[in-house]
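Shown next, in C-alpha cells, is the structure this report addresses.
The values are calculated or read from the model by the stated rules, or taken from the named source; none is laboratory data. Bear in mind the structure is a predicted one, so any value in this text is a computation, not a measurement. Note that each Cβ is placed from the backbone with ideal geometry, even for glycine, and that neighbours are counted across all protein chains shown.
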C-alpha cells in the first residue's frame, strides 16, 4: 500500500510532533507586540535663514530618526496635524522683538503661539527647543524668544528636554534661562558661528542620552481577553481532534512499517522521532515515539 505521499502531507499539517514543518502550538490566545516607532519632527521659524541653517545641522545629526526641518510659515495642513503626528519634536526660533513680553521671535511662531497652538493635544510629548541670538549686541536679551517657545510647549503639558550649560557664552541676561541653565540649545551665528556645529552635535547626543527619542513610541498592543470564550473552546476542540487523528496516523504507520520496505528509517534519539525516507529520496514521513521506537 503506497500511503507515503498522503501520510507525509497529512502529518506535516496535523501532527504536532513534526517539528520540521509545524511551529509548536500555544493554546493561549493572548499576545503582545512592542513597536519602536520613534520619530522626531524638526520645526523652525526664520527671517534671515540662520535658524534654518542650525535646523539643517540638527536634522543631519539625528539622521533617519528625524523628519524635516519644516518652516512654520510653510506647513501643509494644520499645526495640530503636523505636531501631533510625531512622538517628539524639536523647535527653533530667532529673536527679533528684543525685550518684548510676548511674541518675540519675529517669525511665524508669533502668529500661532496663542491661537492654533493653544488647541494642541501634546500632553507628555517630548519637546526640545533651540534658538539663535546675538550675545554681543543684545547681551541683556540674548535669544529671549527661545524662552517663550519653551514656555508655550511646557504650558501645553509637553515634557521638555535638552537644557544646556551657560558656560562659554558672553551674555549678561536672557529670558531663556531656567535655573542655572538655558532652556535649550542656544547658538550665536554672529559672534560664535564656528561653535554652532559642535554645539549641535553635543546637544543631539545629549537628547539621545536623555531618552528623548523614546517619546511615546513604545506601544504595546495586547489582544488578551478579546477572544470570545466560545471561539477559544472551539479552538481547543480542533486541537483535540488533531491530536486524535495524529495518534491514529501513528498507529496506521506502525502497522504498515514492516511491509514498507521501500522506505528507510532514521531514528533521532534527541527528539525521539523516526523519519522514513523513500528509496529515491523524494518522499518522507515522521512518527513520534510515544509508543516506543518504530523499526521498518
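Screening residue 202 with (1) at pLDDT 95 or above; (2) in contact with a helix residue (DSSP H, G or I) (Cβ under 8 Å, 6 or more places away or on another chain) gives one miss only, at (2). Residue 124 meets each of the listed conditions (1) more than 24 Å from the chain's Cα centre (by Cα); (2) in a loop (DSSP other than H, G, I, E, B); (3) in contact (Cβ under 8 Å) with a residue 60 or more places away in the chain apart from (1). In the range 106-119, the condition of being at pLDDT below 90 and more than 25 Å from residue 193 (Cα to Cα) is met by at least one residue. Does residue 63 fit the bill of being under 22 Å from the mean Cα position of the chain (by Cα) and on the phi > 0 side of the Ramachandran plot? When the stated conditions are applied, residue 63 passes them.
Under the condition of being surrounded by 18 or more Cβ atoms within 10 Å (Cβ to Cβ) and assigned to a strand (DSSP E or B), the residues counted in the range 71-100 number 6. All of (1) touching a residue at least 12 places away in the same chain (Cβ under 8 Å); (2) surrounded by fewer than 17 Cβ atoms within 10 Å (Cβ to Cβ); (3) not in a loop (DSSP other than H, G, I, E, B) hold for residue 103 with one exception: (3).
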